[in-house]
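The values are calculated or read from the model by the stated rules, or taken from the named source; none is laboratory data. Quick caveat, the model's predicted, so the values are computed rather than measured. We place every Cβ from the backbone using ideal geometry, glycine too, and count neighbours over all the protein chains shown.
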Amino acid sequence: MRAAYYEKQGPAHEVLLVGDVPVPEPGPGEVRVRVTVSGVHVGDVGKRHGYWGSTMAFPRVVPHGDGAGTVDAVGDGVDPARVGERVWVYLAQSYRPFGTAAEFVVVPAAHAVVLPPEVDLDQGAVLGIAGITGHRAIFADGPVDGLTVLVTGPLGGVGRAALAVARRGGATVIATVRHGDQVDEVLAAGAHHVVRLDEDDVVGRIRAVAPDGVDRVAEIDLAGNAALDVEVLKVGGVIATYATRDAEAAVPYWPLAFRNITVRFLSNDDFPEEANEAAAVDLTAALTAGDLRYPIAARYPLDAIADAQDAAERAGAAGRVVVEL
């Protein structure tokens, strides 16, 4: 089969190769998926580049954790009726050497989730890492029905999922944006209220919606936003953070401590399996209902995977990047 791979870390155009590799066979409890679309996430870029202290656990890595396609074979213990299912895939390259940047990928059966026919394969292909992280940021500390949630970075992959599942979960959802031209898009993506960071009295405008403070924050930039989060959270609130601009982030320790704020750090590879499975159910429902949609910023063939990974690193709020098999 054709696949992209790298055997050392480094810049995309220096280390990514495309060639023929053996077709993988599903083991017990696994399914094999014929990949139609492979989603590119900044986490895939980080693993390939060696960002955040990541190293190669395998001598050859086929990248990308997310994808979508059709189940074409199953291993022992998996219902043969699954063959032919249209699915989205998550954690394909988590603690495993072979991801979705290939014509076939093998994953645990639970990591291939049935995708309803009304949902585009593109949407399933970009859902996994971002969607499950967004779901975890909202629900790691329990249900949100009746709570107020603040989502930062609402037009990113994680932020869009957080908006959708928080609103579907019964929360009042506030989002912050940096520019006025983002407001309408964020409201359409699920926020009840949008507060602009380029205007005065941000704390006051959030408190006008949540006079007693917000219950939870889904945080894209702990270093940049911790001081604001302290000002708007209730006593006993939660910051669930999945990224930061400053890897050595300083935080306002005593204000956080005095308000008994929990700071929850999130990394997608190691969420509890039951949390992944709950997220898969909720996210599929959000896609099916049209409450979650990702703009696709660019498409590339497999032979241009280096360009695709470079584009994913730049895309940000513009949308997601996919590789078509």
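Residues that are charged (D, E, K, R) and within 26 Å of residue 270 (Cβ to Cβ): which strands (runs of 3 or more DSSP E) entirely in the stretch 1-102 hold 1 or more of them?
30-40, 66-74
Can you report the number of residues in the stretch 232-255 which are at pLDDT 95 or above, surrounded by fewer than 17 Cβ atoms within 10 Å (Cβ to Cβ) and closer than 20 Å to residue 130 by Cα?
Number of matching residues: 0.
Considering only the stretch 277-291, I want to know if a residue exists there that is among the hydroxyl-bearing types (Ser, Thr, Tyr), within 14 Å of residue 161 (Cα to Cα) and not assigned by TED's automatic domain parsing to the domain that holds residue 164.
Looking for residues that are among the hydroxyl-bearing types (Ser, Thr, Tyr), within 14 Å of residue 161 (Cα to Cα) and not assigned by TED's automatic domain parsing to the domain that holds residue 164, one finds at least one in the stretch 277-291, hence yes.
State all residues of the stretch 146-166 that are assigned to a helix (DSSP H, G or I) and either within 11 Å of the chain's Cα centre (by Cα) or assigned by TED's automatic domain parsing to the domain that holds residue 68 (or both); if no residue qualifies, say none.
Once the filter is applied, which keeps residues that are assigned to a helix (DSSP H, G or I) and either within 11 Å of the chain's Cα centre (by Cα) or assigned by TED's automatic domain parsing to the domain that holds residue 68 (or both), the stretch 146-166 yields 157, 158, 159, 160, 161, 162.
Can you name every residue in the stretch 123-146 that is farther than 20 Å from residue 265 by Cβ, buried (at least 21 other Cβ atoms within 10 Å of the Cβ) and either touching a Lys or Arg at 6+ places or on another chain (Cβ under 6 Å) or among the charged types (D, E, K, R) (or both)?
126
Which of (1) assigned by TED's automatic domain parsing to the domain that holds residue 99; (2) free of Cβ contacts under 8 Å to residues at least 60 places away in the same chain; (3) not in a strand (DSSP E or B) does residue 309 not meet, given it meets every other one?
Exception for residue 309: condition (2).
Just checking, does the stretch 138-145 include any residue being assigned to a strand (DSSP E or B), over 16 Å from residue 88 (Cβ atoms) and touching an Asp or Glu at 6+ places or on another chain (Cβ under 9 Å)?
There is no residue in the stretch 138-145 that is assigned to a strand (DSSP E or B), over 16 Å from residue 88 (Cβ atoms) and touching an Asp or Glu at 6+ places or on another chain (Cβ under 9 Å).
Of the residues 39, 99, which single one is within 24 Å of residue 14 (Cβ to Cβ), at pLDDT 95 or above and touching a Pro at 6+ places or on another chain (Cβ under 6 Å)?
Going through 39, 99 in turn, just one is within 24 Å of residue 14 (Cβ to Cβ), at pLDDT 95 or above and touching a Pro at 6+ places or on another chain (Cβ under 6 Å): 99.
Has the stretch 211-228 got any residue that is crowded, with 19+ Cβ neighbours inside 10 Å and either of a type in the set (Phe, Trp, Tyr) or in a loop (DSSP other than H, G, I, E, B) (or both)?
Looking for residues that are crowded, with 19+ Cβ neighbours inside 10 Å and either of a type in the set (Phe, Trp, Tyr) or in a loop (DSSP other than H, G, I, E, B) (or both), one finds at least one in the stretch 211-228, hence yes.
Report whether or not residue 291 is modelled with pLDDT under 95, in a loop (DSSP other than H, G, I, E, B), farther than 30 Å from residue 20 by Cβ and among the charged types (D, E, K, R).
Answer is no for this residue.
Just to check your reading of the model, which residue among 197, 121 is within 27 Å of residue 91 (Cα to Cα) and of a type in the set (A, V, I, L, M)?
Just one listed residue meets the conditions, 121.
Among the residues of the stretch 196-203, is there at least one that is buried (at least 24 other Cβ atoms within 10 Å of the Cβ), among the aliphatic types (A, V, I, L, M) and not assigned by TED's automatic domain parsing to the domain that holds residue 27?
no
Could you pull out the residue among 258, 271, 265 that is crowded, with 16+ Cβ neighbours inside 10 Å, at pLDDT 95 or above and on the phi < 0 side of the Ramachandran plot?
Step by step, each of 258, 271, 265 is checked, and only 271 is crowded, with 16+ Cβ neighbours inside 10 Å, at pLDDT 95 or above and on the phi < 0 side of the Ramachandran plot.
State all residues of the stretch 149-185 that are surrounded by 24 or more Cβ atoms within 10 Å (Cβ to Cβ) and hydroxyl-bearing (Ser, Thr, Tyr); if no residue qualifies, say none.
Those that are surrounded by 24 or more Cβ atoms within 10 Å (Cβ to Cβ) and hydroxyl-bearing (Ser, Thr, Tyr): 152, 176.
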